Amino acid sequence: MSENIGKKLRHGIINVFIANIINLIINLLTNFLLPKYLSVDSYAAIKTYYLYVAYAGVLSLGYVDGMFLKYGGIDFKDINKKDLNCNLSTFRIFQITIVAIMLLIIAFSGDMILLSFAFATLPLNMTGYFRSLYQSIGEFKKYSRVMNTTTGATFIINMLLLFGLKTDDYHYYLLSYVTLNILIWIVLEIYFAKSCLYKLKIILFSFKEAVENVKDGILLMLGNFSNIILTSMDRWFIKALMSNIEFAQYSFACSMENFINVAVTPITVTLYNYFCKVNENNQVKRIRNVIILFASALIACAFPGKFVLEIYLTQYIEATSVMFFLFAAQLFYIINKSVYVNLYKARHLQNRYFARLITVIVIGFIFNIICYAIVQSKESFALGTLLASISWLFLSVRDFPEINFSLKEILYITFVIIAFMLCGYMMEAIIGLIVYGLIVVVFSFVLMKSDLVFLLQMLIKMLPIKKKVHK
């Protein structure tokens, strides 16, 4: 059973990883071309829209999270399709009602970005429902298709507007994003109905289903919401206290940072399903250490980002220092989101997860204020983000003492972060990448050799090598 679960984990990671490679290429092109050819104001408006969109899931009031917990670890064939139909239809009506109320509130605001966010909320949350369902039941191929479709279509729209219509008006971009989200939602509804072999029932609503899902998922949703607040707090400070240019520069650094999510998503998505079925502390600790090694290599993406800023996007060169602080913070976020957040969910510790995040938000808020009071620059908020990420990992570790860090693991993380920051600030991009890479390899062999061997063996098993059949 354990081997089958491990095999399913590897296949899930491969499926989502391939999807994320496609997303990475597309996002690289998008995040280099938009700031290159759009004005700073238009680029800032688009990034503001995406900052708002990150909070759309809050309006599900925990319903999707309740569904996520309800079906987590269950195979699709074992789910009662009538029950699932009721669950989906109830959520659809629930969201239409909430969005209608929201539109009435902001209809007369005249703010195009807010209105676009309001209209996008319904299709985004419905798409999020399907994505979360596929993740919880281990249907990673379908999860990947949703990701690829959304990212690919968004890229095509951006390129048509940028090079076809050659427009710098952000209103066209926002309108296109909303329209695309609606179309993707409709396609998903039709496809899902066919795969479940049921007729679409738009008016099916169960008050009991709504209450149970919200009740079960509200704390998890609030935890995820707090997570979003924590990771976007710095941009709200920048938007409130600094100029549009500085917000655009900081947002660009965040866009570079988001490339990490492309590589990490295969892990965070698949590990929840894995932890629902596997609970041995030794296996969990091994997976965590492998992720530490993976994250240490992954943050090296900051060096190519610095290289691009040096030769291609010189108008955003001031984002370099911010970028290295944010990438350093990602080392701790990756460990937290991949392992500890999934453990909170799999072991039904939503209360503790939420309480920890609230504490970290307060800590992060204080760090941002203190850092800005000392040095009034955008780098101060990036440093505050790094300190908050370290605090979050420290609190999470306390909740799971059975998989505590050893002295070698603590030394490894400390040395890696110091080496990363020194190479990033004191060396040119290419030289820094080489030196940092060598340091990581040496530290990995010296301090985490057994975990490195396990990671290499796991990667070899993922390779599509066909075994020879002997007659």
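The values are calculated or read from the model by the stated rules, or taken from the named source; none is laboratory data. Given the structure is predicted, the values throughout are model-derived calculations rather than measurements. In this analysis, Cβ positions are derived from the backbone assuming ideal geometry, glycine residues included, and neighbour counts consider all displayed protein chains. Please note that ligands, DNA and RNA were not included when accessible areas were found on the heavy atoms of the full protein model with its side chains. Shrake-Rupley method; radii C 1.70, N 1.55, O 1.52, S 1.80 Å.
Structure data summary
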{"item": "Solvent-accessible area per residue for the chain (1.4 angstrom probe, square angstrom)", "result": "45"}
{"item": "Spacing of the two label points (7 Å from each Cα toward its C-beta) at VAL362 and ASP399, in nm", "result": "1.6"}
{"item": "Theoretical FRET efficiency, 1/(1+(r/R0)^6), r = Cβ-Cβ of TYR52 and LYS82, R0 41 Å, to 0.05", "result": "0.65"}
{"item": "Area projected by the alpha carbon convex hull of the chain, averaged over all directions, nm²", "result": "24.5"}
{"item": "Ranked by how many other beta carbons lie within 10 Å on average, peptides 38-51, 99-112 from highest", "result": "38-51, 99-112"}
{"item": "Candidate aspartates and glutamates - alpha carbon under 13 Å from LYS378, same-chain residues fewer than 8 apart omitted", "result": "ASP234, GLU246, GLU318"}
{"item": "Extension gain, SER206 back to ILE317 (0.36 nm per residue minus Cα-Cα distance, nm)", "result": "34.6 nm"}
{"item": "Accessible area of the chain belonging to carbon and sulfur atoms, whole % at 1.4 Å probe", "result": "69"}
{"item": "Partner aspartates and glutamates for LYS82 [C-alpha distance under 16 Å; skip if fewer than 8 residues away on the same chain]", "result": "GLU189, GLU209"}
{"item": "Ordering of 376-384, 325-333, 146-154 by burial proxy (mean other Cβ atoms within 10 Å per residue, highest first)", "result": "325-333, 376-384, 146-154"}
{"item": "Virtual paramagnetic centre 7 Å along Cα→Cβ of VAL441, amide N under 17 Å, in the range 278-309", "result": "293-294, 296-301"}
{"item": "Charge-dipole axis of the chain as Lys and Arg at +1 and Asp and Glu at -1 on Cβ define it, positive-most pick from THR90, VAL278, LEU407", "result": "VAL278"}
{"item": "Helical segments meeting 27 Å axial Cα length and Kyte-Doolittle 1.0 threshold in the chain (DSSP H)", "result": "81-106, 170-196, 350-374, 407-426"}
{"item": "Helix-only CD estimate at 222 nm, as mean residue ellipticity for the chain, using -39500 (n - 2.57) per DSSP H run (n ≥ 4)", "result": "-27500 deg cm²/dmol"}
{"item": "Charged-residue dipole, Cβ positions (Lys, Arg, Asp, Glu), the range 280-437 about Cα centre, Debye nearest 20", "result": "600"}
{"item": "Relative packing of peptides 400-410, 244-254 - highest average C-beta neighbours within 10 Å first", "result": "244-254, 400-410"}
{"item": "Rg/Rh for the range 263-337, where both radii come from Cα atoms and Rh is the Kirkwood radius", "result": "1.13"}
{"item": "Average Cα contact separation per residue, the chain, under 8 Å, 6 or more apart, as relative contact order %", "result": "21"}
{"item": "Overall form of the range 103-188 per C-alpha gyration tensor (a/c, 1.5; a/b vs b/c)", "result": "oblate"}
